[in-house]
């Protein structure tokens, strides 16, 4: 057991040469927006081309937060606030973890 921990410690000590922002360089840029008092993070996942992902922060599960609203309506507004584009409702889907995915319509008329 102690040899396994020693090996793990050696591997972790070898990771000190990584750049300071190595996690940011591996993921798509994220935009945080507030919709109806809730904070959402909007990203464009690399594994789902053409889709954007919206994740709502749970605000520490505080019972004294803003009033409840449908997650889908919040996600539509979050996509628009973050990108300026409208979510295509028929392309939207939600995962079991609560992440909402949608394709966006970014034409001039909207």
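The values are calculated or read from the model by the stated rules, or taken from the named source; none is laboratory data. Keep in mind that what you see is a predicted model, and the values were worked out from it rather than measured. Using ideal geometry, Cβ is built from the backbone for each residue, glycine included, and neighbour counts are taken over all protein chains shown.
Any idea which residue in the stretch 87-97 is surrounded by the most Cβ atoms within 10 Å (Cβ to Cβ), counting only those that are touching a helix residue (DSSP H, G or I) at 6+ places or on another chain (Cβ under 9 Å) and within 16 Å of residue 48 (Cβ to Cβ)?
For the stretch 87-97, the residue satisfying everything is 87.
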Q) So residue 42 fits all but one of (1) part of a loop (DSSP other than H, G, I, E, B); (2) touching a helix residue (DSSP H, G or I) at 6+ places or on another chain (Cβ under 7 Å); (3) modelled with pLDDT of 85 or more; what number is the exception? A) (1)
Q. Which pairs have Cβ atoms under 7 Å, sit 6 or more apart or on different chains, and link a residue in the stretch 32-43 that is touching a residue at least 24 places away in the same chain (Cβ under 8 Å) and on the phi > 0 side of the Ramachandran plot to one that is surrounded by 14 or more Cβ atoms within 10 Å (Cβ to Cβ) and not in a strand (DSSP E or B)?
A. 36/74
